[in-house]
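Trainee: My questions all concern the structure below.
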């Protein structure tokens, strides 16, 4: 209490004491007169500017601070009044300017609430980011319609373009159709990364030799702007064409030695070492899920070879995709090419899974090799830090197993992957990796609106595969929607508590010693349910069968005293309850749902 009073800057006698239940609490109340908003804004703005994350800041003049670009004027207003302040060497006022070549050059803002509308009316500047983004979207869609085409709007590109312009004016341009001989992903990447263009496709989704750009000015002669944009995209596409032709001259297999000279990660060897591990792990996984082991192994070995190609060297986002094209060019089987092309999937939330069994295999092998390796050298995620994006990678891995319905023993898979790593990788990290994966699975189901209790109920029985885990979660979901489940959940909790001190019980009940009608009825009902329980992972049907025990279990607890003075009878009753609990545990520990 003395410490609390000291932290408040008062004596203990100044504290107010109140009782809540059996505990006493001390309070200190202090009234502090509020300050005027105008007097606070200088510090608030200074602090806010310092907290803006700027990757590459710059300085100018003799000023002692950094910012993304030099500032030239400053408006700071509260309602209709100018707030007196100095920010980055500038004195605040109510005068602003429009774009250099359009609208009024200098004008005043009468009221802070009029700022957005005044900028738009006087200078055609839309200062609201979201409104400007939608304006760009509408313009891009309309330009595509005018071209009798369909615009493909990448949201990240739209965000970037929105940040580059204030007075958006979309227009279309074109390029030589000969470039369409190059894989369309390479052309699209060149247009997006270098020129910030949106591409257009026909009704069949085929790339067209046209693009949409967004200028920051409304031109009186749009043809000049179009010509300039067409001129600058030509060398970019020519480079892509050159990379494509050059890369085709060397097979993926011939690039394997180059992978040995590319470091994957310290203590985890080269990319060549990783390729060999993916190959071996792919064989193991393919044999488990019934994919073609030869195609899986080949795809696993070649999956990373496009990293040393010219095209991927220029456009890193094409890794995997270009490998698929080069594999087809080399005469590799389509299954191998497709697996290589899709092995990075899913790359982000909502992304598609690999479309073939072999693609699923290589995607799992690649992701798991990275996770086990980095975790095995003690570099796993900690707190908010995840420099190698292992959380996202693990979520993608789990999505594959669950959504592709793969019956893979996760613990065995982790162990198999660890065994393929060099001695620097700690083999004993398997349990930590498994726990990490379960934490990511918990996040996956939280996003799916599955209750934490349901997740823990399934986790308690430690299913072997994430897909098996998923089936149990689905069964619990239906079970809890039944009105009879509440009683059975409480019964399971009661049974679990009763059995805590009786760990040596089996499930073989000596029914001959049972005397009460209620316990005999429960034994008979349990016998029927046990015979009907589906052993082929149909957990939903199993829970439906177990729901039928509600009435007999309720009657049993109403009419039977389990802790009989007769030790033999007591043990038989406890064994009966242990049997019932075991039947529920074949799906989940429903006592967690209480």
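We did not get these values from a lab; they are worked out from the coordinates using the rules stated. What you are looking at is a predicted structure, and each value in this text was computed from that prediction instead of being measured. Note that we place each Cβ from the backbone using ideal geometry, even for glycine, and neighbour counts take in every protein chain shown.
Trainee: Please list 173-179, 207-213 highest first by mean number of surrounding beta-carbon atoms within 10 Å per residue.
Mentor: 207-213, 173-179
Trainee: Using the alpha carbons of the range 438-485, what is the convex hull volume per residue in cubic angstrom, as a whole number?
Mentor: Convex hull volume per residue, Cα atoms: 70 Å³.
Trainee: If you don't mind, there's one more thing I want to ask. Summarise the long-distance tail of P(r) for the range 263-339 by giving the % of C-alpha pairs beyond 15 Å.
Mentor: Working: 1687 of 2926 pairs.
It works out to 58 percent of all Cα pairs.
Trainee: Run the numbers for residue 130 and residue 248: contour at 0.36 nm per residue of separation, minus the present Cα-Cα distance, in nm. Before the final figure, lay out each step's value.
Mentor: Details: separation 118, 0.36 × 118 = 42.48 nm, distance 4.34 nm.
Going from the current span to full extension adds 38.1 nm.
Trainee: I'd like the distance between the alpha-carbon centres of the range 522-594 and the range 340-384, rounded to an integer number of Å.
Mentor: 41 Å
Trainee: For residue 154 and residue 4, compute 0.36 nm times the residue count separating them, minus their Cα-Cα distance, and round to one decimal in nm. Numbers along the way, then the final one.
Mentor: Numbers: separation 150, 0.36 × 150 = 54.00 nm, distance 5.50 nm.
The residue 154-residue 4 span can extend by a further 48.5 nm.
Trainee: OK, next. Please tell me the relative contact order of the range 262-449 in percent, rounded to the nearest whole number, where contacts are Cα pairs under 8 Å and at least six residues apart. Let's see the in-between values first.
Mentor: Numbers: 263 pairs, mean separation 38.1, N = 188.
Across the range 262-449, relative contact order equals 20 percent.
Trainee: So, one more: Using helices alone, what [θ] at 222 nm do you get for the chain, with -39,500 (n - 2.57) per DSSP H run of 4 or more residues, divided over all residues and rounded to the nearest 500?
Mentor: Details: 24 runs with 307 residues, N = 594.
It lands at -16500 deg cm²/dmol.
Trainee: Okay, next question. With the cut-off at 22 Å, report for the range 1-145 the share of all Cα pairs above it, as a whole percent. Working shown, then result.
Mentor: Values: 6735 of 10440 pairs.
Result: 65 percent of Cα pairs exceed 22 Å.
Trainee: Obtain the nm distance between the two label points defined at residue 411 and residue 520 by a simple spin-label model: each point lies 7 Å from its Cα along the Cα-to-C-beta direction.
Mentor: That separation, rounded to one decimal, is 4.3 nm.
Trainee: Peptides 19-30, 105-116, 305-316, 358-369: what's the order by average Cβ count within 10 Å, highest mean first? Spell out each step's value before the answer.
Mentor: On the way: 19-30: 8.7, 105-116: 14.1, 305-316: 20.7, 358-369: 28.4.
Those peptides, ordered most packed to least, come out 358-369, 305-316, 105-116, 19-30.
Trainee: Kindly list the residues of the range 70-86 that lie in the label zone of residue 216, defined by a backbone N under 20 Å from the point 7 Å along the Cα-to-C-beta vector.
Mentor: Taking a point 7 Å out along Cα→Cβ of residue 216, the residues of the range 70-86 whose backbone N falls under 20 Å are 70-75.
Trainee: Would you mind checking the radius of gyration and Dmax of the range 129-248 based on alpha-carbon positions, in Å?
Mentor: 14.1, 45
Trainee: Can you give the log10 of the normalised intensity I(q)/I(0) at q = 0.26 Å⁻¹, computed with Debye over equal Cα scatterers of the range 434-515?
Mentor: For the range 434-515, the Cα-only Debye profile gives -1.25.
Trainee: Another question about this same structure. Could you tell me the relative contact order of the range 129-248? Use alpha-carbon pairs under 8 Å, at least six residues apart, and round to a whole percent.
Mentor: Details: 160 pairs, mean separation 36.5, N = 120.
Result for the range 129-248 is 30 percent.
Trainee: Please figure out what share of the DSSP beta bridges in the chain is antiparallel and state it in percent, rounded to the nearest 5. Don't skip to the answer; put the middle values down first.
Mentor: Numbers: 28 of 29 bridges.
Taking every DSSP beta bridge with both residues in the chain, the antiparallel ones total about 95 percent.
Trainee: Here's something else I'd like to know. Quick one: length gained pulling residue 224 to residue 196 fully straight, 0.36 nm per residue minus the C-alpha distance?
Mentor: 8.3 nm
Trainee: Let me ask something else about it. To the nearest 10 degrees, how steep is helix 129-146 against the longest Cα principal axis of the chain, on a 0 to 90 scale?
Mentor: In the chain, helix 129-146 runs at an angle near 80 degrees to the longest axis.
Trainee: So if the hydrodynamic radius of the range 472-593 is defined as the Kirkwood radius over C-alpha pairs, what does Stokes-Einstein give as its diffusion coefficient at 25 °C and 0.890 mPa s, in µm² per second?
Mentor: Working: Rh = 14.5 Å.
For these conditions, the coefficient is 169 µm²/s.
Trainee: Could you give the alpha-carbon Rg of the range 527-576 over 2.2 N^0.38 Å, rounded to two decimals?
Mentor: On the way: Rg = 13.9 Å, N = 50, 2.2 N^0.38 = 9.7 Å.
Scaled against compact globular proteins, the figure is 1.43.
Trainee: So, one more: Report Rg/Rh for the chain, rounded to two decimals, where Rg is the Cα radius of gyration and Rh the Kirkwood radius. Kindly include the intermediate steps, with their values, before the conclusion.
Mentor: Working: Rg = 33.5 Å, Rh = 30.7 Å.
Radius of gyration over Kirkwood radius for the chain works out to 1.09.
Trainee: Translational D (Stokes-Einstein, µm²/s) of the range 262-449 at 25 °C and 0.890 mPa s when Rh comes from the Kirkwood sum over C-alpha pairs?
Mentor: It diffuses with D of about 149 µm²/s by this estimate.
Trainee: Restricting everything to alpha-carbon atoms, can you work out Rg to Rh for the range 340-458 with a Kirkwood hydrodynamic radius? Spell out each step's value before the answer.
Mentor: Details: Rg = 14.0 Å, Rh = 14.8 Å.
Across the range 340-458, the Cα-based Rg/Rh ratio is 0.95.
Trainee: Given R₀ = 35 Å, FRET efficiency for residue 258-residue 334 by Cβ-Cβ distance, to 0.05?
Mentor: After rounding to 0.05, the efficiency reads 0.90.
Trainee: Next question, about the same structure. Sorted by average packing, counted as other Cβ atoms within 10 angstrom per residue and highest first, what order do 505-515, 324-334 take?
Mentor: Working: 505-515: 14.3, 324-334: 19.2.
My ranking of the peptides, most packed first, is 324-334, 505-515.
Trainee: Over all directions, average the projected area of the Cα convex hull of the range 404-466 and note it in nm².
Mentor: Numbers: hull surface 19.7 nm².
Quarter of the Cα hull surface area: 4.9 nm².
Trainee: Can you tell me, using C-alpha contacts under 8 Å and at least 6 residues apart, the relative contact order of the chain as a whole percent?
Mentor: Values: 825 pairs, mean separation 41.4, N = 594.
RCO, the chain: 7 percent.
Trainee: If you don't mind, another one. Roughly what would the spin-label model give for residue 46 and residue 164, points 7 Å off Cα along C-beta, in nm?
Mentor: About 3.7 nm, to one decimal.
Trainee: Does a label point 7 Å from the Cα of residue 100, set along Cα-to-beta-carbon, have any residues of the range 203-232 with amide nitrogen under 17 Å, and which are they?
Mentor: Backbone N within reach: 215-220, 225.
Trainee: Continuing with the same structure: Which order do 244, 579 fall in if you start with the one that has the fewest other Cβ atoms within 10 Å? The partial results should precede the final answer.
Mentor: Numbers: 244 22, 579 19.
The order, fewest Cβ neighbours first, is 579, 244.
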